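To keep things clear, I will list the structure first and then write my remarks on it.
The values are calculated or read from the model by the stated rules, or taken from the named source; none is laboratory data. All values reported here derive from a predicted model rather than from experimental measurement. Cβ placement follows ideal geometry from the backbone for every residue including glycine, while neighbour counts extend to all protein chains displayed. In case anyone asks, the SASA skips ligands and DNA or RNA and just uses the protein heavy atoms, side chains included. Shrake-Rupley method; radii C 1.70, N 1.55, O 1.52, S 1.80 Å.
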Amino acid sequence: PSQNSRKVIYLSGGHRSGWQDFIVRSAGGFEFIDPSKNGLSDSKAYTSWDLYSIDKCDIVFAYFESTNPSGYGLALEVGYAAAKGKHVIFVDEKSESDQNLSKYIKIIREASDAVFESIDEGVNYLKSLP
């Protein structure tokens, strides 16, 4: 966790749409760790980097956008963060468009501290945190 007054937020979710930039612009006052910008392609290297980064953060903002093809990485990151006692914000936009998937996402919802259906709701919650 951060040693300064700014909380550190780990941005968990897909790497294609650029949603991370929206969070950084919308929720100032935090320090962000964005794995989409780590430049790693080796699975062992990026998995180690991701888990190490979660160890160093205060909050995980997990965004399961409707275009995310699987959510497996997000599920690992949320589970790891929950086991480490991190505050997890889960935004689930995928379940609404895939009712079959929604029953499997319940475990991620249960491991999270706050759950929202839209990124705007998640950002508003993040901004409300001390």
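Positive end of the dipole of segment 8-129, charges at C-beta (+1 Lys, Arg; -1 Asp, Glu), about the Cα centre: which of L76, F90, I105 has its Cα farthest in that direction?
L76
If a/c stays under 1.5 just call it rounded; otherwise compare a/b with b/c (prolate if a/b is bigger, oblate if not). Do that for segment 8-129, with a ≥ b ≥ c from the square roots of the Cα gyration tensor eigenvalues.
Rounded shape, in that the Cα axes give a/c under 1.5.
Relative contact order for the chain using alpha-carbon pairs under 8 Å, separation at least 6, rounded to a whole percent?
Normalised by residue count, the contact order of the chain is 25 percent.
Taking 35 Å as R0, compute the FRET efficiency from the Cβ-Cβ separation of I107 and S5 and round it to 0.05.
Given R0 = 35 Å and the Cβ-Cβ separation, E is 0.55.
Keeping every protein chain present and rolling a 1.4 Å probe, give me the accessible area per residue for the chain in Å².
That works out to 55 Å² for each residue.
Might you work out the accessible area of D21 for me, using a 1.4 Å probe with all protein chains in place, and round it to the nearest 10 Å²?
70
Within the accessible area of the chain, what % is carbon and sulfur when the probe is 1.4 Å and the other protein chains stay in place?
50
Name the GluC sites (Glu not before Pro) in segment 1-103 that are in a loop by DSSP and that have at most 15 other C-beta atoms within 10 Å, would you?
Taking segment 1-103 and a limit of 15 other Cβ atoms within 10 Å, no loop GluC sites (Glu not before Pro) are found.
Less than 23 Å apart at the alpha-carbon level, and either on another chain or at least 8 residues along: which lysines does that give for K7?
Of all the lysines, those that pass the test against K7 - Cα under 23 Å, at least 8 places apart if same chain - are K37, K56, K84, K86, K127.
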